[in-house]
Amino acid sequence: MGAEVISLGCRLNMSESEELRGLLAQESDLVVINSCAVTAEAVRQTRQAIRRARRDRPDARLLVTGCAAEVERAALSAMPEVDGLIANVAKLDPRAWNVAPARAEVRTHTRAFIAVQNGCDHACTFCVIPQGRGPSRSLGVAAVLRDAERHLALGSREVVLTGVDLTSWGQDLPGKPALGALVSAILDAFPELRRLRLSSVDGVEIDADLFELIADEARLMPHLHLSLQHGHDLILKRMKRRHSRAQAVALVAALKVRRPELALGGDLIAGFPTEDEVAHQANLSLIAELGLVHGHVFPYSPRPATPAARMPQVPVPTVKARAAELRAAVAAERARWLAAQIGAPLEVLAERDGTGHAPNFAWVLLPPGTEAGMIVTVTPTHIAEGLLA
Ligand code: SF4
């Protein structure tokens, strides 16, 4: 048995944790916490995971990496449970762990996450990720194709491209290729790949080729998760985001004309400093206007050394109440969207737990005995606990 890797936070962390499990397959006495620092709550959960792991494995070496290991370095290294921190930027380097470079083969997953980009060159006023992950850097096309080939050879049926600021992929490579070019390269190289998915993108950075692929390419899943953050222009300005509400609305409208089955997801922050009721209502109304059915709502929490932490704060109870309103609005949008799919056949990729995901990322309960990795056609007849069934 190899190292126990406990993963918190984003899909990028999840895909890196998968790599770490391969890298540390010989390290049975090791526990690794791959932490997150995107919100104060994420840091609280990181501490909780450290204490729990120490309780469960009192004799193991316990090492912490991930964004919290950067942003909360002093506090985490002072915890008696922690034996050491591994720099986030070095966590996939065998030398950082003093292990031999020889790597055990990666385990098969029906959906393979490939981290094609890391770090970020932007400076959104609420965000610590650039502190935790450093500047933006891209995996070259050849390396991405090698990774995809490895996962497909191991039986993965869907590839998910992930990163911190995915749409900035290529900006640091010769010729500055854009994400659309990478998507085309993958689809051209692997005609057998029926499902390619994008994790989260910044709508205003979508290049023309990528727009056409999202609009027309059947093998690129009709599911777009936008890092929107807010629906009010003045707040977007104070966040130092690079888009306006109108631009987000126009992008989605233009894509839905070309691909009506496109399902929208988005990140939204509730209670950003200086947010008044008018701004909150604008945030709320964006959900129905875009038809957000996969919404991630983050109650704002001040992060260390960020400009937003020095702005006038919204009282915590108000932040929580507004987050609850946003979540309720997403849930209502999602309920309508799920109900509209009853009676329509869906191509579902079966996963290990008897469920699977449709191309639009609807979650579907599958007939017993459906083998993981199979792509099956399902015509849902009802909704059971939020899943089509
Ligand atoms: S784009 Fe903004 S929110 Fe996203 S990681 Fe970069 S700084 Fe953070």
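Tabulated values for the structure
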| read-out | value |
| --- | --- |
| Single match in ARG55, ARG61, ARG44, ARG51 (criterion: touching a Leu at 6+ places or on another chain (Cβ under 8 Å) and open to solvent by 20 Å² or more (accessible area, probe 1.4 Å)) | ARG61 |
| Every residue from segment 242-254 that is open to solvent by 50 Å² or more (accessible area, probe 1.4 Å) and more than 14 Å from the ligand (Cβ to nearest atom) | ALA246, GLN247, ALA250, ALA253 |
| Contacts under 8 angstrom Cβ, first residue in segment 215-241 being more than 14 Å from the ligand (Cβ to nearest atom), partner outside any helix (DSSP H, G or I) and among the small types (Gly, Ala, Ser), 6 or more apart | PRO222/ALA263; HIS223/ALA263; HIS223/GLY265; LEU224/ALA263; LEU224/GLY265; ASP233/SER244 |
| Enumeration of residues in segment 321-332 that are under 12 Å from VAL293 (Cα atoms) and either crowded, with 18+ Cβ neighbours inside 10 Å or touching a His at 6+ places or on another chain (Cβ under 7 Å) (or both) | LEU326, ALA329, VAL330 |
| Matching residues in segment 226-236 - criterion: being outside any helix (DSSP H, G or I) and open to solvent by less than 10 Å² (accessible area, probe 1.4 Å) | LEU226, LEU228, HIS230, GLY231 |
| Strands (runs of 3 or more DSSP E) contained in segment 285-389 and holding at least 2 residues under 26 Å from VAL160 (Cβ atoms) and within 23 Å of the chain's Cα centre (by Cα) | 292-299, 346-350, 355-357, 363-365 |
| Residue that is more than 16 Å from the ligand (Cβ to nearest atom), at pLDDT 95 or above and either among the charged types (D, E, K, R) or touching a strand residue (DSSP E or B) at 6+ places or on another chain (Cβ under 7 Å) (or both), where the choices are VAL144, VAL116 | VAL144 |
| Extreme residue, nearest to the ligand (Cβ to nearest atom), among residues of segment 147-166 that are open to solvent by 10 Å² or more (accessible area, probe 1.4 Å), assigned to a helix (DSSP H, G or I) and touching a strand residue (DSSP E or B) at 6+ places or on another chain (Cβ under 7 Å) | ASP147 |
| So ILE50, is it more than 30 Å from VAL319 (Cα to Cα), away from the ligand (no atom under 16 Å from the Cβ) and among the β-branched types (Val, Ile, Thr) | no |
| Hits in segment 167-191 - residues which are hydroxyl-bearing (Ser, Thr, Tyr) and either farther than 17 Å from ILE206 by Cβ or out of contact with any strand residue (DSSP E or B) (no Cβ under 6 Å at 6 or more places or on another chain) (or both) | SER168, SER184 |
| Matching residues, segment 71-90, being closer than 21 Å to GLY119 by Cβ and outside any strand (DSSP E or B) | VAL71, GLU72, ARG73, LEU76, ILE86, ALA87, ASN88, VAL89, ALA90 |
| Long-range neighbours under 6 Å by Cβ, at least six apart or interchain, first residue in contact (Cβ under 8 Å) with a residue 12 or more places away in the chain and part of a loop (DSSP other than H, G, I, E, B) within segment 255-271, second among the aliphatic types (A, V, I, L, M) and surrounded by fewer than 23 Cβ atoms within 10 Å (Cβ to Cβ) | ARG259/ALA215; LEU262/LEU255; GLY271/VAL314; GLY271/VAL319 |
| For PRO273: the one exception among (1) open to solvent by 50 Å² or more (accessible area, probe 1.4 Å); (2) closer than 19 Å to THR318 by Cβ | (1) |
| Residues satisfying the stated conditions in segment 121-139, i.e. of a type outside the set (S, T, N, Q), near the ligand (Cβ under 9 Å from one of its atoms) and without any contact (Cβ under 8 Å) to a residue 40 or more places away in the chain | PRO130 |
| Lone unmet requirement of (1) in contact with a Lys or Arg (Cβ under 6 Å, 6 or more places away or on another chain); (2) farther than 24 Å from VAL376 by Cβ; (3) among the charged types (D, E, K, R) for GLU158 | (2) |
| Residue identified as buried (at least 21 other Cβ atoms within 10 Å of the Cβ) and in the same structural domain as HIS122 (by TED's automatic domain parsing) among GLY295, GLY291 | GLY295 |
| Hits in segment 255-270 (condition: open to solvent by less than 40 Å² (accessible area, probe 1.4 Å) and away from the ligand (no atom under 16 Å from the Cβ)) | LEU255, ARG259, LEU262, ALA263, LEU264 |
| In segment 65-98, residue modelled with the highest pLDDT [restricted to those that are of a type in the set (Val, Ile, Thr) and within 20 Å of the chain's Cα centre (by Cα)] | THR65 |
| Total residues in segment 263-280, condition of a type outside the set (Val, Ile, Thr), farther than 18 Å from THR125 by Cβ and more than 26 Å from the chain's Cα centre (by Cα) | 1 |
| Test result for VAL144, in contact (Cβ under 8 Å) with a residue 24 or more places away in the chain, open to solvent by less than 50 Å² (accessible area, probe 1.4 Å), among the β-branched types (Val, Ile, Thr) and in a strand (DSSP E or B) | no |
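The values are calculated or read from the model by the stated rules, or taken from the named source; none is laboratory data. Here the structure is a predicted model, which is why all the values come from computation and not from measurement. Glycine also receives a Cβ, built like all others from the backbone with ideal geometry; neighbour counts cover every protein chain displayed. Surface areas here come from the heavy atoms of the whole protein model, side chains and all, with no ligands, DNA or RNA. Shrake-Rupley method; radii C 1.70, N 1.55, O 1.52, S 1.80 Å.
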